[in-house]
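Novice: Dropping a structure here in structure tokens format, bear with me for questions.
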Amino acid sequence: MEYRPGRRGFLTRMLLAATALPAALVGRAHARPARDFDYEYEVTRTEEEWRALLSDYEFAILRQSGTEWARSSPLWNDYRQGDFSCKGCDLQLYSSDWRVALDKGWVFFAHSLPTAVMTDIDPGNPYGLRREEGTAVVEVHCRRCGSHLGHLLVVEGQLVHCVNGTSLIFAPRTG
Ligand SMILES: [Zn+2]
């Protein structure tokens, strides 16, 4: 599989400029499991249990790999010091120490906490990127419950975790 970082970066810039695309992902009609490969997550729930835990909007993002509307989560421009954990299982995933300030409407980090996240090749070909053309998007999810967090993207020349605020619980540090 050929890797084309230049084209991917270009497409990434295009997609981040096109605010209608994430809505299309949330609204896509076909539901699919969050994961297509065989891996035993530490936290597992039935679909009914997930739906009882999450709103329909949260379910579409965490469990069906949807993408929230840009600027829809209050976390996107909340730069207080604190810790970010998974809305699906409370595992601590990210720290404000690694926030990256990008005016794009999602929550960006340079790193996750070690051992906090896993990756997958997003099979949904979001943004028109196609696996067979070497431009499939690297998806990021919680290693404890498998919930979808976002993607690894090159934004303004920097490799970042582009995370849905909807997938996170923020605990500000006090004192
Ligand atoms: Zn989780």
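Novice: For the range 61-114, how many residues meet the condition of being under 16 Å from Leu149 (Cα atoms), touching a Ser or Thr at 6+ places or on another chain (Cβ under 6 Å) and surrounded by fewer than 16 Cβ atoms within 10 Å (Cβ to Cβ)?
Specialist: Residues meeting the conditions: 1.
Novice: Still on this model: May I ask you to list pairs of residues, at least six apart or on different chains, whose Cβ atoms are under 7 Å apart, with the first in the range 64-76 being assigned to a loop (DSSP other than H, G, I, E, B) and the second being buried (at least 17 other Cβ atoms within 10 Å of the Cβ) and charged (D, E, K, R)?
Specialist: Cβ pairs passing all conditions: Ser65/Asp122; Ser65/Glu139; Ala70/Lys104.
Novice: Considering only residues that are within 13 Å of the ligand (Cβ to nearest atom) and not basic (Lys, Arg), which ones fall in the range 31-76? Lay out the reasoning, then the answer.
Specialist: Filtering the range 31-76 down to residues within 13 Å of the ligand (Cβ to nearest atom) leaves 34-35, 41-45, 50, 53-54, 58, 61-63.
Answer for the range 31-76, where residues must be within 13 Å of the ligand (Cβ to nearest atom) and not basic (Lys, Arg): Ala34, Tyr41, Glu42, Val43, Thr44, Trp50, Leu53, Leu54, Glu58, Ile61, Leu62.
Novice: Scan the range 84-105 and report the pairs whose first residue is closer than 30 Å to Glu49 by Cα and whose second residue is of a type in the set (Asp, Glu), with Cβ atoms within less than 7 Å and a gap of 6+ or a chain change.
Specialist: Lys87/Glu58; Gln92/Asp83; Ser95/Asp83
Novice: I want to confirm something. Restricting to the range 77-90 and keeping residues that are over 15 Å from the mean Cα position of the chain (by Cα) and not in a loop (DSSP other than H, G, I, E, B), which single residue is farthest from the ligand (Cβ to nearest atom)?
Specialist: By that ranking, first place goes to Asn77.
Novice: Working carefully through the options Leu113, Leu93, find the one that is at pLDDT 95 or above, within 16 Å of the ligand (Cβ to nearest atom), touching a helix residue (DSSP H, G or I) at 6+ places or on another chain (Cβ under 9 Å) and more than 13 Å from Gly165 (Cα to Cα).
Specialist: Details: Leu93 fails: more than 13 Å from Gly165 (Cα to Cα).
When all the criteria are applied, what remains is Leu113.
The values are calculated or read from the model by the stated rules, or taken from the named source; none is laboratory data. Quick caveat: nothing in here was measured; it's all calculated off a predicted structure. With ideal geometry, Cβ positions are generated from the backbone for all residues, glycine too; neighbour counts draw on all protein chains shown.
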